[in-house]
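A.B. asks: Structure in structure tokens, see below.
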Amino acid sequence: MMFALLATLLVPAGCTRKGENRQPGHLHLRLTSNPTTLDPALITDVIGGGISAKLFNGLVRFDEKLNLVPDLARSWTISDDNRTYRFRLRKGITFSNGRAVTAHDFRYSFERVLTRTTKAPLTWVLDRIAGASDFLNGTAPQVQGIRVIDDHTLSLTIDKPFGPFLSLLAMTTAYVVPREEVERFGPDFGNHPVGTGPFVLSEWKHGQQLTLKARNDYFEGSPRLKGFVYRIIPEELTAVLEFETGGLDVLLIPAAEFRRYTTAPAWKDLVAGLPGLNSYYIGLNCTRPPFSDLRVRRAMNHAIDRRRILETVYEKRGILATGPVPPGLWKYGFGPDPGKGYTYDPELARRLIREAGVQGTTIKLYISAEPELLDVMEVIQGYLGDAGLRAEIHQRDWSAFKQAVNLGEPDAFWLSWWADYPDPENFLYPLFHLASVGPAGNRTRCVDEELNRLIEKSQSTVDERQRYRLYSRAEDRIIENAPWVFMWHKADFFVRHPWVQDFRIYLIYSIDKGMDISVSK
């Protein structure tokens with residue numbers, strides 16, 4: 001009955017009508033929820049981060065190939081000891097209130113993040129700067145490692161060499177803001193953001209819609225769009241109807257609609273997808289039986305036909321994982337190859353489980369309350385049963401699930417990790433280092449001294465090629481340890497209307513400044 005109703009409501013591309021209340025020259029997009037804030041110092045969500053990338057800038061940013069390129073800094077140098085970074089700022093850059101940007105604004109913005117009263121949730125982005133901890137603790141009036149040389153020269157000194165430091169400076173938290181506007185609006189600055197980006201916020205009806213307008217004085221030229229209209233539509237069916245009647249220009253395809261959009265003649269050529277910088281996995285609690293035994297962890301990886309699940313139940317919405325680091329992050333020829341990873345080998349899985357003496361053991365497998373996830377887990381449950389393990393599936397709402405996993409309650413759990421910044425270190429240190437055990441990210445409680453050493457050495461290596469060599473060795477070690485069942489890297493698929501030109505999918509939301517895309521209606 002529901003299928004019949006949907007079939008009558010959803011219309012093909014050729015029958016679309018102009019959406020009500022469209023603003024000409026604006027790209028109309030969907031948000032699933034209201035952004036919490038548009039204050040860069042306070043943003044933690046992808047929704048807020050994607051919008052703020054169009055309103056603000058940092059010293060550096062990533063291009064489409066994930067290379068670090070200049071943003072408001074036109075160049076930089078690194079000292080011989082790899083601790084001091086000196087940035088030369090572009091001249092003539094202005095905030096949207098018309099005031100010129102100087103190095104003093106970056107000092108203010110960084111120290112604001114590190115000020116206790118700001119309550120910034122991601123102080124770790126900047127706490128490697130020398131003196132940051134003293135400033136955070138209130139025992140120093142300024143951050144020692146931040147120096148303003150002149151109006152257009154900024155120096156940052158970090159406590160010790162950290163290879164991905166520049167990557168951190170491309171994050172939302174490190175965007176520059178004008179002091180006078182922050183002080184003018186106080187805690188309400190997140191509702192009245194003022195930045196240097198190519199767009200400005202012109203209207204925000206909370207819970208309904210946000211509108212951005214293009215600036216005509218942006219330093220890289222004017223955007224092709226007149227602006228963005230973000231409509232807040234929580235319900236997937238409503239979003240699909242709005243898209244197909246022209247109220248939205250681009251739609252992130254809901255799982256329930258994936259097959260229809262990718263097969264329908266009217267839409268399939270307008271669909272595009274790209275595997276994201278993420279890893280989906282079954283985490284195995286390494287601190288107690290049965291997964292304290294390496295043989296059982298490896299058996300789990302051999303027992304599950306991941307490819308078949310991905311191609312059938314998951315409808316090819318991703319690529320198989322061989323290890324924790326997404327393929328899109330590898331450089332210099334390092335990364336996945338046919339010799340890495342685990343193959344589906346049920347006989348080997350059964351043999352390893354018999355050797356470990358755990359045949360017939362019941363394991364508690366925890367999952368969150370995502371509707372489509374239960375289907376995947378029931379298939380996995382069948383594979384594990386064939387291998388000799390009885391899996392009890394425990395489904396919890398997100399908060400209860402997260403608490404249980406953080407406390408180490410499950411034997412195994414389904415989870416994913418998404419890149420904060422595009423560097424393999426962001427998957428290695430938080431997820432597998434001893435210092436991250438528990439809620440910080442290493443929820444499998446995997447402890448390996450050699451792995452810790454490799455991760456730490458890679459962090460302190462500034463030479464990128466050498467750092468990636470160390471990353472590769474660390475990933476090999478993780479694959480051998482098998483603290484996860486390495487499932488897949490999920491791809492997001494979008495469908496657009498034919499009047500949208502130069503639509504692109506970006507691996508990191510902060511790359512998209514909204515400069516190149518356009519609409520012809």
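Just so you know, all these numbers are worked out from the coordinates, no wet-lab data involved. Just so you know, these numbers come straight off a predicted model, no measurement behind them. Using ideal geometry, Cβ is built from the backbone for each residue, glycine included, and neighbour counts are taken over all protein chains shown.
A.B. asks: Only bridges whose two residues both fall in the chain count here: according to DSSP, what percent of them are antiparallel, nearest 5?
C.D. replies: Counting DSSP beta bridges with both partners in the chain, the antiparallel share is about 75 percent.
A.B. asks: Rounded to the nearest 0.05, what FRET efficiency is calculated for V148 and H206 with R0 set to 35 Å and r the Cβ-Cβ distance?
C.D. replies: After rounding to 0.05, the efficiency reads 0.40.
A.B. asks: Calculate, in nm to one decimal, what R453 and Q466 gain on full extension: separation in residues at 0.36 nm each, minus their alpha carbon distance.
C.D. replies: Extra length available between R453 and Q466 comes to 3.2 nm.
A.B. asks: Does the range 49-121 classify as rounded, prolate or oblate by the C-alpha gyration tensor (a ≥ b ≥ c root eigenvalues; a/c under 1.5 gives rounded; else a/b over b/c gives prolate, otherwise oblate)?
C.D. replies: rounded
A.B. asks: Arrange the peptides 357-363, 250-256 so that the one whose residues have, on average, the most other Cβ atoms within 10 Å appears first.
C.D. replies: For the peptides 357-363, 250-256, the packing ranking is 250-256, 357-363.
A.B. asks: A further question follows. Evaluate the relative contact order of the range 46-191 (contact order divided by residue number), counting alpha-carbon pairs under 8 angstrom at least 6 apart; express in whole percent.
C.D. replies: It comes to 28 percent, rounded to a whole number.
A.B. asks: Here is a further query. Run the numbers on the range 278-491 and let me know its relative contact order in percent, using alpha-carbon pairs under 8 Å that are six or more apart.
C.D. replies: Relative contact order, the range 278-491: 36 percent.
A.B. asks: Take every Cα pair under 8 Å in the chain that's 6+ residues apart, average their separations, divide by the length, and report that relative contact order as a whole percent.
C.D. replies: This gives 20 percent for the chain.
A.B. asks: How big is the chain along each principal axis, measuring the range of its Cα positions in Å and listing the largest first?
C.D. replies: 71, 64, 40
A.B. asks: If you add up the charges near V60, with Lys and Arg at +1 and Asp and Glu at -1, over every other residue whose beta carbon is less than 14 angstrom from its beta carbon, what do you get?
C.D. replies: Charge balance in the 14 Å sphere: +3.
A.B. asks: What distance in nm separates the two pseudo spin-label positions at S292 and E315, each 7 Å out from Cα along the beta-carbon direction?
C.D. replies: Calculated label separation equals 4.3 nm.
A.B. asks: Between S75 and N191, 0.36 nm times their residue separation minus their Cα-Cα distance comes to what?
C.D. replies: 38.5 nm
A.B. asks: Continuing with the same structure: P430: net charge of surrounding residues, Cβ under 11 Å, Lys/Arg +1, Asp/Glu -1, itself excluded?
C.D. replies: Every neighbour counted, the sum reads -1.
A.B. asks: Using 1/(1 + (r/R0)^6) with R0 = 60 angstrom and r between the beta carbons of R224 and E378, what's the FRET efficiency to the nearest 0.05?
C.D. replies: Efficiency, rounded to the nearest 0.05: 0.80.
A.B. asks: Further question: Which value in nm describes the separation of the simple spin-label points at Q395 and L274, placed 7 Å from the Cα toward the beta carbon?
C.D. replies: 3.3 nm
A.B. asks: At 222 nm, what value in deg cm²/dmol follows for the chain if DSSP H runs of at least 4 each add -39500 (n - 2.57) and the sum is divided by all its residues, to the nearest 500?
C.D. replies: -8000 deg cm²/dmol, from helical runs alone.
A.B. asks: Same structure, new question: Using a basic spin-label model with each label point 7 Å from the Cα along Cα→Cβ, how many nm lie between W418 and T115?
C.D. replies: 3.0 nm
A.B. asks: Less than 10 Å Cβ to Cβ from K160, Lys/Arg counted +1 and Asp/Glu -1: what total charge do the surrounding residues give?
C.D. replies: Once all neighbours under 10 Å are counted, the net charge is 0.
A.B. asks: Could you work out how far the C-alpha centroid of the range 449-519 sits from that of the range 99-127, in angstrom?
C.D. replies: Their Cα centres are 26 Å away from one another.
A.B. asks: State the extension gain, in nm to one decimal, for the chain segment bounded by T343 and R260, taking 0.36 nm per residue of separation less the distance between their alpha-carbons.
C.D. replies: Taking T343 through R260 to full extension adds about 26.7 nm, to one decimal.
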